[in-house]
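A quick write-up on the structure given underneath.
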Amino acid sequence: MKPAPVGYVRPGSLEEACRALADDPEAKVLAGGQSLVPLLSMRLAAPSSLVDINALPGLAEVEVLAGPDGTDGGVRVGALVRHADLLAHDGAARAQPLLRMALSHVAHAPIRNRGTTVGSLVHADAAAEMPAVLALLGGSVEVLSTRGARTVAGADLVVGPLESSLAHDEIATSAWFPALAAGQGAGFAEISRRQGDYALCGVAALVRLVDGYVVEARAAYLAVDDTPTVVDLLPALADGTDGTDGTDGAHLDAAADLALAALSPCGDIHATAQYRAHLARVLTTRVVREAVQHAGERGEGSAT
């Protein structure tokens with residue numbers, strides 16, 4: 001199939017782009033286009049016009065921010081930063097290793113070369129890696145419209161299948177991912193039919209150790225539910241998972257049980273709900289163990 005007839009607008013400033021969206025409720029923003037263009041070709045989306053933001057200045061930068069104590073405060077990613085550029089950015093990987101862990105699983109190299117990380121976030125696909133990572137880390141997205149700017153928390157970004165909380169006339173200009181704090185470790189894994197295909201199930205985990213014990217543990221699940229789901233796993237791990245020699249199997253099993261109690265795995269032509277539940281269980285134990293080991297390697301934080 002071919003796309004339906006569509007108008008094309010190439011604004012020279014963010015203000016022009018915002019006005020174009022405000023004037024046309026059926027318009028869509030075009031950045032990398034790796035999600036939008038296939039929808040157009042299959043006529044699953046038929047906007048009246050495309051507002052191409054690729055000529056706008058200042059949106060293609062990755063910035064590692066400084067924290068108040070001189071440590072990394074996080075990573076700000078502009079709306080035109082390609083997945084491949086963020087994946088290759090060593091400063092971003094040092095500040096938040098989970099970015100590189102997850103981005104290495106995003107689609108295939110040609111798609112990463114063109115697709116944008118912020119575009120993936122606002123596309124709001126529950127099977128995508130980056131919305132789950134943003135929600136797990138407590139990051140946010142900056143959006144702009146003719147009404148002004150606002151910040152959308154990562155946990156509030158995806159509200160349904162391919163549905164974000166942005167209004168039709170808002171443009172996502174950047175995303176912020178907090179840096180990994182002292183004592184924290186991260187892990188990521190996903191299962192797909194082929195490398196680069198959409199995940200059948202994916203899990204990202206964030207753990208913090210103090211004196212060899214887990215004092216913080218969360219996991220985010222992608223391709224399991226209609227939206228990315230973040231689960232607090234600390235109740236299953238707080239009574240003594242030792243980070244020195246990895247993890248304790250009983251505590252990891254309890255963490256997997258806790259995760260499954262909070263999830264509602266869905267079935268489709270690619271995997272049954274039961275299979276996704278099985279994958280969520282297996283990946284939870286694997287990724288939490290990796291996050292604990294990563295935290296131990298990075299050095300522990302203080303109890304304050």
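Details
- Toward the positive end of the charge dipole of segment 128-242, with +1 on the Cβ of Lys and Arg and -1 on the Cβ of Asp and Glu, the farthest Cα among Leu137, Thr173, Gly185 is that of Thr173.
- For the set Asp248, Asp85, the ranking by accessible area, highest first and with no ligand, DNA or RNA atoms included, is Asp85, Asp248 under a 1.4 Å probe.
- Approximate spin-label separation Gln274-Val6, in nm, with each point projected 7 Å along Cα-to-Cβ: 4.1 nm
- Contact order for segment 185-293, expressed relative to its length and based on alpha carbon pairs under 8 Å spaced 6+ residues apart, stands at 30 percent.
- Anisotropy class of segment 162-304 from Cα gyration tensor, a/c 1.5 cut: oblate
- Å² of accessible area per residue within segment 120-161, as computed with a 1.4 Å probe and no ligands counted: 33 Å²
- Percent carbon-and-sulfur accessible area, the chain, ignoring ligands, DNA and RNA, probe 1.4 Å: 52 percent
- Solvent-accessible surface of segment 174-301, taken per residue with a 1.4 Å probe and all protein chains present: 42 Å².
- Rounded to whole Å, the principal axis extents of the Cα atoms in segment 51-134 read 39, 28, 21, largest first.
- Cα-based convex hull volume of segment 94-224 per residue, rounded to whole Å³: 115 Å³
- D (Stokes-Einstein, µm²/s), Kirkwood Cα radius, segment 1-61, 1.306 mPa s at 10 °C: 133 µm²/s
- Rounded to the nearest 10 degrees, the inclination of helix 249-262 to the longest alpha-carbon principal axis of the chain is 40 degrees.
- Diffusion coefficient of segment 86-135 by Stokes-Einstein, Kirkwood radius over Cα pairs, 25 °C, 0.890 mPa s: 221 µm²/s.
- Accessible surface ranking that places the most exposed of Leu86, Leu144 first, with a 1.4 angstrom probe: Leu144, Leu86
- Counting every pair of alpha carbons in the chain, the share spaced more than 34 Å apart comes to 22 percent.
- On the principal axes of its alpha carbon atoms, segment 59-106 extends 33, 23, 12 Å, with the longest extent given first.
- Coordinate range of the alpha-carbon atoms in segment 1-102 per principal axis, descending: 52, 30, 18 Å.
- Based on DSSP H segments of at least four residues, each scored -39500 (n - 2.57), the chain has a per-residue ellipticity at 222 nm of -9500 deg cm²/dmol.
The values are calculated or read from the model by the stated rules, or taken from the named source; none is laboratory data. Just so we're clear, the structure is a prediction, and the values are computed from it rather than from any experiment. Every residue, glycine as well, gets a Cβ built from its backbone with ideal geometry; the counts of neighbours run over all protein chains shown. Ligands, DNA and RNA are stripped out before the accessible areas are found, and what is left, the full protein with its side chains, is counted by its heavy atoms. Shrake-Rupley method; radii C 1.70, N 1.55, O 1.52, S 1.80 Å.
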